[in-house]
Amino acid sequence: MELIDTHAHLTDGKFDSDLDSVLQRAAAAGVTRVIVCGYDVESSEKAVRLSGEHGGIFASVGTHPHDASSYDLTVESRYEELAATAYAMLRGRLPRSRTFVPSLRQRVSGACAHEVSTPTMLRGRLSRSVRQQVFGACAHEVSTPTVVAIGEIGLDYHYDFSPRPAQRAAFEAQLALAQRLQMPVIIHSREAMEDTLSILRPFAGLLVGGVFHCFSGDAKEAAEVLDLGMHIGVDGPITFKSNTRLAEVVRMCPGERLLVETDCPYMAPHPYRGKRNEPAYLTRIVEEIAKIRGISLVEVAESTTAAACALFRLPR
Ligand SMILES: [Zn+2]
Ligand SMILES: [Zn+2]
């Protein structure tokens, strides 16, 4: 059984001291790959760095609605640079491994040490000539992008940490960025479904896809999200007894559009509620989905993993 945690914040300081054991527990639970989501420039850079250091980690880059006030053209070009550079550096270099592998740095110093030795390349500050060298000399190494999405982006009218007009502007600009880069989007929408859908609608046919992560809407809203070609991400709250609304969404969502995610360190599922969440707990969410849909754990694992691979263009 292989699972992909499609939304995790392993960049959070809460993982700084024990990330290796967190990843070992994840792998032992079958969670062999994790998409680490950025929410501002700093976390996006860290997500890309982590993806370079651990083969099972992929990154997304973007500005969360909470930080929308800080979004400008400089931020946008940094995301573009991160996506392009990580792609150039790592295209194919990540092995098609199903488990966490030795750091990229180790692999690079092994295979291409004569070309690339500065740790700065892992932070995306790769000069044109080094990039060419990487492309030229290490092409045999390279095929999978590590920046797999733009996100998390969207609207959060629950907290309103950034003024709503700024949230809407940053969301729209980043949808345009995703369209330009032809990358899927990871959307955060809280108490803002109507505005989220109306901003997204004109982009729907132009994007390569996306996910409404940590979905909290009802079945009617889920149907609209699915109509726009989007996926639905299910998190810890599905394990809470009272959540019949989300259970209905899980029941009606086609398997190929359903993704599983932890949103760790937040959103810990039952019985870990209130504790630090981590990718290994993804199995709790999968168990609950299997129960609700009346299928086996393995079937849920297979369909959600296939859906994640298709959306984020990860190797099967
Ligand atoms: Zn979110
Ligand atoms: Zn998140």
Unique residue being under 24 Å from ARG313 (Cα atoms) and out of contact with any Cys (no Cβ under 9 Å at 6 or more places or on another chain) when the list is PHE240, PHE212: PHE212
Residues being more than 18 Å from CYS264 (Cα to Cα), of a type in the set (Gly, Ala, Ser) and crowded, with 16+ Cβ neighbours inside 10 Å: count how many of those fall in segment 279-302. 2
Restricting attention to segment 4-44, which residues are charged (D, E, K, R) and crowded, with 21+ Cβ neighbours inside 10 Å? ASP5, ARG33
Does at least one position in segment 247-258 carry a residue that is more than 16 Å from ligand 2 (Cβ to nearest atom), among the aliphatic types (A, V, I, L, M), within 27 Å of ARG180 (Cα to Cα) and in contact (Cβ under 8 Å) with a residue 24 or more places away in the chain? yes
With within 16 Å of ligand 1 (Cβ to nearest atom) and either within 13 Å of ALA280 (Cβ to Cβ) or not charged (D, E, K, R) (or both) as the only criterion, which of LEU10, LEU3 stands out? LEU10
In segment 175-195, which residues are within 15 Å of ligand 2 (Cβ to nearest atom) and within 14 Å of LEU228 (Cβ to Cβ)? VAL185, ILE187, SER189
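The numbers here are math on the coordinates, done by the rules we state, and not lab data. Computed from a prediction, not measured in an experiment: that's the story for all the values here. Quick reminder, even Gly has a Cβ in these numbers, built from the backbone with ideal geometry, and neighbours come from all protein chains shown.
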